[in-house]
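Enquirer: What follows is a single structure, and I will ask about it in a moment.
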């Protein structure tokens with residue numbers, strides 16, 4: 001079945017044609033040639049000016065892979081009818097037209113006749129104009145009206161629309177502070193796409209750091225999924241590596257990953273080869289999502305390492321030195337459709353990427369110490385009323401009480417009551433801060449005591465956090481008993497501070513340690529270096545003597 005799907009898409013990944021200098025020829029003028037030509041000009045111009053060509057142009061080989069990943073899995077379920085395709089960072093519209101061609105071709109292979117409507121939004125005026133012009137030249141004036149100029153984040157052009165297929169390469173590592181300010185700032189933002197209810201949290205925030213808004217584009221797409229159709233919606237989006245792990249538990253990026261995975265929308269993430277894009281060599285990943293997972297994928301996520309599946313270019317195009325050949329695209333799609341454990345494909349339960357972030361507290365231990373120097377320093381900074389109170393403290397902090405702040409506090413309170421000196425809580429804290437020091441040998445400071453338990457004041461300087469995997473056998477308590485309590489018997493977990501986070505580490509699952517050299521290889525190299533150094537020394541001595 002998989003091979004049948006892949007064989008049916010022979011026209012989806014045409015082989016590039018190169019000239020005598022090894023440069024890929026531009027295609028003949030077709031239904032999206034203006035966009036292709038413009039993107040090539042932008043790439044070359046921006047290379048000379050050291051600008052961000054990747055903001056304008058996603059290589060066509062990557063686009064073809066993305067289109068295949070969202071359409072191939074449901075190719076045999078496509079029915080004749082109308083389908084809506086959306087890109088919230090559409091550039092010149094290249095992703096949309098490739099997705100349309102892929103959908104029409106696969107539908108035709110299965111004997112179906114489909115009508116595809118394209119929708120896009122773009123914030124850069126030049127590229128927006130090209131996307132609109134391409135459709136106008138095709139004679140699709142109505143479709144051209146669906147290309148909108150504006151920012152998807154702060155001025156969503158399609159707030160009430162839902163789409164069958166969505167794909168994008170949003171800007172990553174780029175500030176979206178201007179959009180955030182337009183939306184009311186982080187505290188005032190109330191857009192229902194980004195402030196939602198999830199679990200028991202009625203105001204669950206999906207707002208990322210203002211320095212990088214790439215995952216906000218993905219959230220926007222997820223808000224536009226179809227929930228009332230048989231096929232639902234399918235999404236492919238390109239991200240850099242930071243989208244996998246940035247953001248602490250409870251922060252925007254982690255909240256987005258948690259929301260996606262706990263809703264079981266994430267099908268797979270594909271790691272692409274390095275140097276796939278024209279302006280950057282960083283690692284990039286394709287996220288594949290749907291709200292209609294097949295039964296065998298439910299509750300699971302597939303990670304595919306496709307970093308070694310590429311064809312080198314005969315001549316670099318900017319920083320792009322390789323491409324996905326038609327065979328590479330087929331291989332990646334085959335691994336995705338097979339959904340099996342191999343060296344390049346790993347399948348995990350959703351919970352494998354989640355963790356509890358627990359806050360470990362230890363009690364505050366204070367020694368009360370009133371020296372002449374400390375008393376003098378206090379009197380120089382405090383008013384006279386506090387001088388009297390400090391004198392009262394001297395008689396409460398002698399003997400065993402010195403190492404038990406609880407006793408000092410009790411006796412001091414009684415002394416103040418007898419002398420009729422009344423202090424505010426802030427004034428009491430000011431006095432205690434002047435005459436106490438942390439001491440591991442002192443008794444822990446009691447915060448609250450009931451018939452059943454004693455609650456201690458936590459020491460902020462000893463506070464620590466731990467990440468406990470959701471799949472930890474025995475859960476948080478088992479982890480705490482094994483990893484924390486043997487080293488800190490007085491520690492406890494602040495239950496109210498526990499948060500859930502999610503992160504995905506490709507390195508952890510696909511890291512291949514470099515092969516170590518044998519002792520014979522090392523010995524041979526050392527001997528060669530010694531022989532070379534002796535020869536150099538001889539020449540230096542000889543030349544020096546001749547001089």
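Enquirer: Scan 228, 232, 250 and give me the residue that is touching a residue at least 24 places away in the same chain (Cβ under 8 Å), closer than 22 Å to residue 161 by Cα and in a loop (DSSP other than H, G, I, E, B). Walk me through how you get there before you give the answer.
Expert: Details: 228 fails: touching a residue at least 24 places away in the same chain (Cβ under 8 Å); 250 fails: closer than 22 Å to residue 161 by Cα.
Within the list 228, 232, 250, the selection yields 232.
Enquirer: Any chance the range 87-99 includes a residue that's touching a strand residue (DSSP E or B) at 6+ places or on another chain (Cβ under 7 Å), assigned to a loop (DSSP other than H, G, I, E, B), assigned by TED's automatic domain parsing to the domain that holds residue 131 and at pLDDT below 90? Spell out how you get there, then give the answer.
Expert: Of the range 87-99, the ones touching a strand residue (DSSP E or B) at 6+ places or on another chain (Cβ under 7 Å) are 87-91, 93, 95-96, 99.
Narrowing further to those that are assigned to a loop (DSSP other than H, G, I, E, B): 88-91, 93.
Applying the additional criterion that residues be assigned by TED's automatic domain parsing to the domain that holds residue 131 yields 88-91, 93.
This time we only want the ones that are at pLDDT below 90, so: 91, 93.
Yes: one or more hits.
Enquirer: State whether one or more residues within the range 530-543 are at pLDDT below 95 and either under 30 Å from residue 259 (Cβ atoms) or assigned to a strand (DSSP E or B) (or both). If you could, list the steps in order and put the result at the bottom.
Expert: Here is the first cut: in the range 530-543, the ones at pLDDT below 95 are 530-543.
Cutting the leftovers down to either under 30 Å from residue 259 (Cβ atoms) or assigned to a strand (DSSP E or B) (or both) gives us none.
No; the residues of the range 530-543 include none that is at pLDDT below 95 and either under 30 Å from residue 259 (Cβ atoms) or assigned to a strand (DSSP E or B) (or both).
Enquirer: For the range 28-50, check the following and say yes or no: at least one residue is modelled with pLDDT under 55, in contact with a helix residue (DSSP H, G or I) (Cβ under 9 Å, 6 or more places away or on another chain), loosely packed, with under 15 Cβ neighbours inside 10 Å and farther than 24 Å from residue 165 by Cα.
Expert: Checking the range 28-50: at least one residue is modelled with pLDDT under 55, in contact with a helix residue (DSSP H, G or I) (Cβ under 9 Å, 6 or more places away or on another chain), loosely packed, with under 15 Cβ neighbours inside 10 Å and farther than 24 Å from residue 165 by Cα.
Enquirer: If you don't mind, another one. Just for the range 285-309: of the residues that are touching a helix residue (DSSP H, G or I) at 6+ places or on another chain (Cβ under 6 Å) and not in a strand (DSSP E or B), which one is surrounded by the fewest Cβ atoms within 10 Å (Cβ to Cβ)?
Expert: 299
Enquirer: Return yes or no: is residue 407 part of a helix (DSSP H, G or I), touching a helix residue (DSSP H, G or I) at 6+ places or on another chain (Cβ under 7 Å) and modelled with pLDDT of 90 or more? Outline the logic, then answer.
Expert: Values: part of a helix (DSSP H, G or I): yes; touching a helix residue (DSSP H, G or I) at 6+ places or on another chain (Cβ under 7 Å): yes; modelled with pLDDT of 90 or more: yes.
The answer is yes for residue 407.
Enquirer: Mind telling me which of the residues 279, 255, 275 ends up being more than 23 Å from residue 337 (Cα to Cα) and under 12 Å from the mean Cα position of the chain (by Cα)? Reasoning before the result, please.
Expert: Numbers: 279 fails: under 12 Å from the mean Cα position of the chain (by Cα); 275 fails: under 12 Å from the mean Cα position of the chain (by Cα).
Result: 255 is the single residue among 279, 255, 275 that is more than 23 Å from residue 337 (Cα to Cα) and under 12 Å from the mean Cα position of the chain (by Cα).
Enquirer: Checking the structure you have, find out if any residue of the range 85-92 is surrounded by 24 or more Cβ atoms within 10 Å (Cβ to Cβ) and over 18 Å from residue 220 (Cβ atoms).
Expert: Within the range 85-92 (the criterion being surrounded by 24 or more Cβ atoms within 10 Å (Cβ to Cβ) and over 18 Å from residue 220 (Cβ atoms)), the answer is yes, since at least one residue qualifies.
Enquirer: So residue 330 fits all but one of (1) crowded, with 17+ Cβ neighbours inside 10 Å; (2) under 29 Å from residue 496 (Cα atoms); what number is the exception?
Expert: Evaluating residue 330 over (1) crowded, with 17+ Cβ neighbours inside 10 Å; (2) under 29 Å from residue 496 (Cα atoms) leaves (2) as the failure.
Enquirer: Please work out if residue 402 is in a helix (DSSP H, G or I), without any contact (Cβ under 8 Å) to a residue 60 or more places away in the chain and within 13 Å of residue 367 (Cα to Cα). Walk me through how you get there before you give the answer.
Expert: Values: in a helix (DSSP H, G or I): yes; without any contact (Cβ under 8 Å) to a residue 60 or more places away in the chain: yes; within 13 Å of residue 367 (Cα to Cα): yes.
So residue 402 passes the test.
Enquirer: Let me ask another. Please go through the range 492-508 and pick out each residue that is outside any helix (DSSP H, G or I) and touching a helix residue (DSSP H, G or I) at 6+ places or on another chain (Cβ under 8 Å). Outline the logic, then answer.
Expert: Taking the range 492-508 and keeping what is outside any helix (DSSP H, G or I), we get 492-494, 498-505.
Residues satisfying the conditions are 493, 498, 500, 501, 502, 503, 504, 505.
Enquirer: Something else now. Just to confirm my filter: which strands (runs of 3 or more DSSP E) fall fully inside the range 156-225 and include at least 2 residues that are under 22 Å from residue 58 (Cα atoms) and at pLDDT 95 or above?
Expert: On the way: elements: 165-168, 195-198, 201-205.
Fully inside the range 156-225 and qualifying: 165-168.
Enquirer: Moving on to the next point. In the range 414-428, what residues are exposed (fewer than 14 other Cβ atoms within 10 Å of the Cβ) and outside any loop (DSSP other than H, G, I, E, B)?
Expert: Across the range 414-428, the qualifying residues are 414, 417, 418, 419, 425, 426.
Enquirer: Continuing with the same structure: When residues of the range 156-182 are filtered for being touching a strand residue (DSSP E or B) at 6+ places or on another chain (Cβ under 9 Å) and without any contact (Cβ under 8 Å) to a residue 12 or more places away in the chain, how many remain? Let's see the steps before the verdict.
Expert: So in the range 156-182, the residues touching a strand residue (DSSP E or B) at 6+ places or on another chain (Cβ under 9 Å) come out as 156-158, 161-170, 172-173.
Within this subset, residues satisfying the condition of being without any contact (Cβ under 8 Å) to a residue 12 or more places away in the chain are none.
Going through the range 156-182 one residue at a time, the tally reaches 0.
Enquirer: Examine the range 259-271 for a residue that is at pLDDT below 95, in contact with a helix residue (DSSP H, G or I) (Cβ under 9 Å, 6 or more places away or on another chain) and either outside any helix (DSSP H, G or I) or buried (at least 19 other Cβ atoms within 10 Å of the Cβ) (or both), and state whether such a residue exists. Don't jump to the end; show me each part of the working.
Expert: Of the residues in the range 259-271, the ones at pLDDT below 95 are none.
Checked the range 259-271: no residue is at pLDDT below 95, in contact with a helix residue (DSSP H, G or I) (Cβ under 9 Å, 6 or more places away or on another chain) and either outside any helix (DSSP H, G or I) or buried (at least 19 other Cβ atoms within 10 Å of the Cβ) (or both).
The values are calculated or read from the model by the stated rules, or taken from the named source; none is laboratory data. Remember, it's a predicted structure, so these values are computed and weren't measured experimentally. Cβ atoms come from the backbone with ideal geometry, glycine included; neighbour counts cover every protein chain shown.
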